[in-house]
Each structure stands twice: as C-alpha cells, then as structure tokens.
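Structure record follows, encoded as structure tokens.
The values are calculated or read from the model by the stated rules, or taken from the named source; none is laboratory data. Values in this document were obtained by computation on a predicted structure and should not be read as measured data. Cβ placement follows ideal geometry from the backbone for every residue including glycine, while neighbour counts extend to all protein chains displayed.
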Amino acid sequence: MTLWLKELAKQFPDITHLYSVGQSTEARELWVLVISQSATKHELLMPEFKYVGNMHGNEVFGREALLYLAFILCTNYKKNKYITGLINKTRIHIMPSMNPDGYEIALVGDRDGAKGRKNFNKIDLNSNFPRHNRQKLDELISKRLDKLKETGPIISSSSHAPETIAVMKWMFLGANYPFDQSFSGNVHYSPSPDDKLFTQLSYQYARAHPSMWKTGRSCLVPLSGGMQDWQYAYTSCMEITIEMGCYKFPTDTMIPKLWEEHKYSLLSFLQMVHSGIKGLVKNTQGMPIAKAVVTIVVRSLLDESLRRQDQQHGFCAAKDSESRK
C-alpha cells in the first residue's frame, strides 16, 4: 500500500500530496493521499472530502477500493471530463487504511471472522471515539463553530488508541449514517438532526450500486463511540459508513466484481460534496467578514421525542486561504 501511494504521488505530483496523520500502535504510517489541482493547500470555496477505509483490519475491500479509486482519479485526469471536473473543484483526501496493524494479521478468504478486526491492542477503533449523551450532543450542535474550535476535541491517550487520536486530530484540523448510537441502548431507529440529509447521502451511494439499500445503523446494532457520530458532533463533518460486501477479506478473484459494483457509487457519492450552498460574507466595501455566521432555519425532525424544532445551521466565513492539511 505504501509503495502504491508513493508511486502515485511520484507519477502525478501536480495533483497529489501524500502525508501521514500519525502512526498505528505498531508504528505503521496512517497515510492520506490528497488528489486535487490544489493538493497542498486549502482553497476558498473548494470543499474538502475524505474517504477512510479499513477501520476494521479484516474488512479489506474498502482498502482495496480506495487504492484503486486513487489510481482511477489520477490516471484519468485531463482524459475524462467528469473526473477532471471533480479533481479541479474538490480536495479529495483518501486514507486507505486506518487499521494497518489489524490488516497484517487478517486472513484471506475470511467471511465473518474476527481475526484482525481490532488494532494491535485489541481495541475496536469504531467504538473508540468519545461517547456522547443526548444533553451533551444538544450542547455541541447548538454551539457556534468558532466556539467549538476554541474548546477542541475531547482526546485522552489513556482511553483512545493511537489510530483514533490521529484521526481525531486530523479531522479537527480540517451506507449507514448518524446516529450509530441509540440513546436508549435498544435497537431502534435513532435519527440525527440532519437525518434527511444523511438519508439523501446514503441514497446517493446506494442507488448507483446494483443491489445496495440504505439503513441507519442503530436499526441494526446500536454502536456507541463510533467515528461518524463523533465527527458529526465535534467537527461538522457529515459522514456515512459503507458496508461494501459480505466477505470480510475477499479473495483476489472476488475483487474485480466488487469493484465493478462500487466504482460508480464511490464517484457519485464524492460528487455530493458540491450540493448545498457556499459563498463568502462580505461587508459593504466588498471585504470578507471573518467568522460571520449565516443561520438557516429550515430543518424539521422526524423524531418528535427530541423536542427540537427549527434547528439551526451555522456557517463561518473563511478568513483566508490558509494552507492546511
């Protein structure tokens, strides 16, 4: 994987930037490949998008799919109009493996086993993020973004794995959907305040796939401490989780069919980062206003028990095109 990523970065230096957000427990790099015409710095009004694969080390196809997606994007730049447009308008961050240690001990052909699922210290990374309760989540969602950035993420090296901490720091800088956690602890649907949008995102991926459907994960197994819930609450990142196949570790002969099933979905979902609105808030002299907040009161909730109506979205106007990962 490392050689593959370094080779892509070497062959396509004008549209790629390879960096590590940290190391795994066994000191393997957590690589991220940026693909964009502005690969090394953030640009005003250019959205940031990420794919993270292989959080469970024995669930391997996500890792393989992201490596091939990176290859397809790079090799088709200025050859395919659609892909060229995505790269010109988006900063695409691809982390093929969040759990490289687990991957190293996983078993090829494993359908439903657990070997390699957790990290080296037997921690399930997808339940290792800070947990939240309903009251705390209400407070987080209602905070203005500038206040949230002042408080920072909740990170503890004693309770969170190195891989988890690396991703939290990465995200703070910069098809199932929330909430994974059911606040009663029982198996039932647990909508987030942006449920309709998360449903739309999930549909976008699923309908480009020949046989996939969508679900809110808490309908299946309630999950506390999941990555997507933490990111939604703490970083305003909207993320869904994509279950890509029935085999944990498909054999080489299975990979081509799985890729054919998912390739259009991966691209279609990426395109969704350009939905919605974007812009700059300026004063009467045409100068941008730093930390301006635009409030849009249009949301309604499916779950009346949450007792919130007309939820608010806060958007901060960018101050400049500060370089960042």
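Run down Leu33, Leu66, Leu5 and say which single residue is closer than 21 Å to Leu267 by Cβ, aliphatic (A, V, I, L, M) and in contact with a helix residue (DSSP H, G or I) (Cβ under 6 Å, 6 or more places away or on another chain). Checking each option against the conditions leaves just Leu33. The set of residues from region 255-291 being of a type in the set (A, V, I, L, M) and out of contact with any helix residue (DSSP H, G or I) (no Cβ under 8 Å at 6 or more places or on another chain) comprises Val273, Ile277, Leu280, Val281, Met287, Ile289, Ala290.
For the structure I just gave you, tell me whether Lys122 is closer than 28 Å to Pro13 by Cα, exposed (fewer than 14 other Cβ atoms within 10 Å of the Cβ) and modelled with pLDDT of 80 or more. When the stated conditions are applied, Lys122 does not pass them. Note on region 11-63: residues that are within 18 Å of the chain's Cα centre (by Cα) and under 30 Å from Asp124 (Cβ atoms) total 26. Can we say Ile105 is touching a Lys or Arg at 6+ places or on another chain (Cβ under 8 Å), at pLDDT 75 or above, among the hydrophobic types (A, V, I, L, M, F, W, C) and surrounded by fewer than 19 Cβ atoms within 10 Å (Cβ to Cβ)? So Ile105 passes the test.
Based on this model, can you work out whether Met95 counts as modelled with pLDDT under 90 and either touching an Asp or Glu at 6+ places or on another chain (Cβ under 9 Å) or surrounded by 20 or more Cβ atoms within 10 Å (Cβ to Cβ) (or both)? Explain how you work it out, then say what you get.
On the way: modelled with pLDDT under 90: no; either touching an Asp or Glu at 6+ places or on another chain (Cβ under 9 Å) or surrounded by 20 or more Cβ atoms within 10 Å (Cβ to Cβ) (or both): yes.
So Met95 fails the test.
For region 247-298, what are the residues that are within 30 Å of Ala65 (Cα to Cα), of a type in the set (Ser, Thr, Tyr) and in a loop (DSSP other than H, G, I, E, B)? Tyr247, Thr251, Thr253, Ser275, listed by residue number. If you check Lys115 against the conditions, is it charged (D, E, K, R) and on the phi > 0 side of the Ramachandran plot? No; evaluated as a whole, the condition is false for this residue.
Scanning region 37-62 for residues that are of a type in the set (D, E, K, R) and surrounded by fewer than 22 Cβ atoms within 10 Å (Cβ to Cβ) returns Lys41, Glu43, Glu48, Lys50. Quick one: in region 73-91, which of the residues that are outside any helix (DSSP H, G or I) and touching a strand residue (DSSP E or B) at 6+ places or on another chain (Cβ under 7 Å) is surrounded by the most Cβ atoms within 10 Å (Cβ to Cβ)? Here the answer is Arg91. Please work out which residue is nearest to Lys291 (Cα to Cα), limiting yourself to region 125-145 and to residues that are of a type in the set (A, V, I, L, M, F, W, C) and at pLDDT below 90. Among residues in region 125-145 that are of a type in the set (A, V, I, L, M, F, W, C) and at pLDDT below 90, the one nearest to Lys291 (Cα to Cα) is Leu145. Quick check on region 202-225. Is at least one of its residues charged (D, E, K, R), more than 28 Å from Ser36 (Cβ to Cβ) and modelled with pLDDT of 85 or more? No, region 202-225 has no match at all.
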